[in-house]
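Before any comments, here is the structure.
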Amino acid sequence: MRKLAFFVEGAAEMLFVEGLISEIANKNDVIVDKKKIRGGGKSGKHPKRFQELAGTKQVTDERFYVLIYDCGGDQLVAQRIKEEHANLTVAGYEKIIGIRDVRPSFQRHEIQALQQGMENAIDKSLAPVVFILTEMEVEAWFLAEYSHFSKIHPELNAELINDALGFDPRTFRSGERDHPALDLEQAYSLKGVVYDKYSVEKTVDVLDFAIVYTELAVAVPELAVLSSNIDKFLTKVDAV
């Protein structure tokens, strides 16, 4: 069984990765396991604990196994990878992918330095690690999949958003918005719908992952890296 691990900052990224994997993979061939990591850290005040999330499936004869860790914050993604890197390598994981937002801790001009710093801290003798930084927040990907707005509310569409908020989800470049989460909140509020960390699952549930995979992964550099890595993992030929 081939193994791939993701470390993401929170629920939005975890659900998005799971949805994209389901779109790309033959569901009978892959199992996705989700866990939260909490506690630990340098202070040692609270022991590290792993929480299995609902929906965990019993491993049977699947060819591919994907483990997604919710790290509980953008600043914890690189730290959690460093902590678990050796164990995952020994356990046979082929690659580790870390996904985090740039905002609010960093600005756009700091992205390259942030990426380089995270990569430099990784032990290159262990399983390879790929870091994906969403510019500026994962909500930029949600905005770009503009067909989902009418599923949130039948009268919410790109024309209304453009008229009210001054940007068109059909034509904007996903990385050009400074605060995509706020954009999404304001767009939903045009029809009295709330977007927050408690309702993010509803948004991810209505995203069209066929569009994400076939169209957005071409236009959005970070999504191109993500989908390419998932593709390679799921299509890699077994060694003879």
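The values are calculated or read from the model by the stated rules, or taken from the named source; none is laboratory data. What you see is a predicted model, and the numbers here were worked out from it, not measured in a lab. Note that each Cβ is placed from the backbone with ideal geometry, even for glycine, and that neighbours are counted across all protein chains shown.
Just a few scattered comments:
- Tabulated pairs, the stretch 108-125, first in contact (Cβ under 8 Å) with a residue 12 or more places away in the chain and more than 17 Å from Glu222 (Cβ to Cβ), second in a helix (DSSP H, G or I) and basic (Lys, Arg), C-beta under 9 angstrom, 6+ apart or interchain: Ala121/Lys82; Ile122/Lys82; Asp123/Lys82
- Checking Ala181 against (1) of a type outside the set (Ser, Thr, Tyr); (2) under 20 Å from Pro104 (Cβ atoms); (3) in the same structural domain as Val32 (by TED's automatic domain parsing), the condition it does not meet: (3)
- Verdict on Leu53 being at pLDDT 65 or above, surrounded by 17 or more Cβ atoms within 10 Å (Cβ to Cβ) and either outside the structural domain of Ala12 (by TED's automatic domain parsing) or in contact with a Lys or Arg (Cβ under 9 Å, 6 or more places away or on another chain) (or both): no
- Phe149 vs. criteria in contact with a Leu (Cβ under 7 Å, 6 or more places away or on another chain) and in the same structural domain as Leu182 (by TED's automatic domain parsing): yes
- Options Lys197, Lys232: the member that is of a type outside the set (Gly, Ala, Ser) and touching a residue at least 24 places away in the same chain (Cβ under 8 Å): Lys197
- The set of residues in the stretch 88-121 that are β-branched (Val, Ile, Thr), over 18 Å from Val225 (Cα atoms) and surrounded by 14 or more Cβ atoms within 10 Å (Cβ to Cβ) contains only Thr89.
- Index of the failed condition, Tyr213 passing every other in (1) over 21 Å from Val102 (Cα atoms); (2) part of a loop (DSSP other than H, G, I, E, B): (2)
- Members of the stretch 120-164 found to be acidic (Asp, Glu) and in contact with a Pro (Cβ under 9 Å, 6 or more places away or on another chain), listed by number: Glu135, Glu137, Glu139, Glu145
- Selection status of Glu155, closer than 30 Å to Tyr93 by Cβ and free of Cβ contacts under 8 Å to residues at least 60 places away in the same chain: no
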